[in-house]
1. Where the centre of each part is set by its Cα atoms, how far does the stretch 21-75 sit from the stretch 191-265, in angstrom?
2. Does the stretch 11-124 classify as rounded, prolate or oblate by the C-alpha gyration tensor (a ≥ b ≥ c root eigenvalues; a/c under 1.5 gives rounded; else a/b over b/c gives prolate, otherwise oblate)?
3. Got a sec? How would Ser29, Ser24, Ser212, Ser199 order by Cβ neighbour count within 10 Å, fewest to most?
4. Taking H as built 1.01 Å from N, whose amide H comes closer than 5 Å to the amide H of Val123, not counting residues under 5 places away?
5. Around Arg107, what is the net charge, scoring Lys/Arg as +1 and Asp/Glu as -1 over all other residues with Cβ under 15 Å from its Cβ?
6. Ranked by Cβ crowding within 10 angstrom, fewest neighbours first, how are Arg273, Arg45, Arg40 ordered?
7. For Lys181, list the aspartates and glutamates whose Cα falls under 15 Å from its own Cα; do not include residues on the same chain fewer than 8 positions away.
8. Label Ala279 and Thr93 with points 7 Å out from Cα along Cα→Cβ: what is the distance between them in nm?
Amino acid sequence: MHTFTDSPPSSATAAAGHEPREPSPQELSLLHDAGQILLRDCMQRRGFEYRPVEENPVPEAREFPYVLNDVAWARKHGYGTDIQHELSELRKTDVNQRYFRGLPATRRAAALTAANGSRPLTVTARTPDGMVYQRSPKGCQSEADATLYGDLETWFQAKVTADALTELRRVRVTEDPRFAKAVKPWSACMRAAGHPATSPADLRAATGSRTSPLPRSQEIALAVTEARCAHTSGLAKTARDLDLQYAHRLDRQYQSAVRTYRELQLSALSRARDLTRKAGTSS
């Protein structure tokens, strides 16, 4: 089974001639919480237990898609092996997984069907690069999405596109010659510090492929060096600038899908507020 500052209602639609704004992090959390409530209630109606899951069970977990660029975070977490361990422990003790594993085989199959639906998978979405995703309209996850966002097919296509654009943006940044050029002084900085590495990706691959993990002190020292070099070499700034540039470019290229995605999110906020208020999770 899978797990998914208030603004006035007038903000749910874009003003004439303007694109809809991005929801704030607080609003995205509200939508997540509302979706979890809907999923819980649907599973209960179908005879199964489900506990809403937190959006960020370990708030300090972060992604660094181009280069580790936060010295303070690196000094505390290294490359995040402590966070990965914490997430692994949370998965082991996850109440939903414990409940699911404790069900008899036939009930487990029924729970999966209740959550995800059954064939035929008639709701289809295609990514910008042509990958096709399908899902059943009959499961609780689809019911929750349809209740919160309206038309399920429109929402599914918009979300699949938005998710794909994130990965597409990252690929374009790393393939940009300006990124490759900025990696060279970073690599020189790392080499001067005693850590030869041709790129952040190669460094990550090398540390990840070790038969035994780096001692904690060495992991932190290496991560801090990477982050410092990211700033002194200019790679952090180049990556940030390119990321913004390609985000704007892709938003324009896929303007219709991005607009639909944001409009659906913004229009769902009032429903999400009502749901969380009734559930007692909203102040």
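1. What the calculation gives is 22 Å, centre to centre.
2. On the way: a/c = 2.42, a/b = 1.20, b/c = 2.02.
Judged from the Cα gyration tensor, the stretch 11-124 comes out oblate (a/c at least 1.5, b/c at or above a/b).
3. Ser212, Ser24, Ser29, Ser199
4. Excluding prolines and chain starts, which carry no amide H, the hits are Arg135.
5. On the way: positive: Arg46, Arg98, Arg101, Arg108; negative: Glu49.
Net charge around Arg107: +3.
6. Numbers: Arg273 16, Arg45 11, Arg40 20.
Starting with the residue having the fewest Cβ neighbours, the order is Arg45, Arg273, Arg40.
7. Partners within reach: Asp241.
8. Each label point lies 7 Å from its Cα, and together they span 2.2 nm.
Quick note: the coordinates plus some simple rules give every number you see, no bench work behind them. The structure displayed is predicted, hence computed values, not measured ones. Note that each Cβ is placed from the backbone with ideal geometry, even for glycine, and that neighbours are counted across all protein chains shown.
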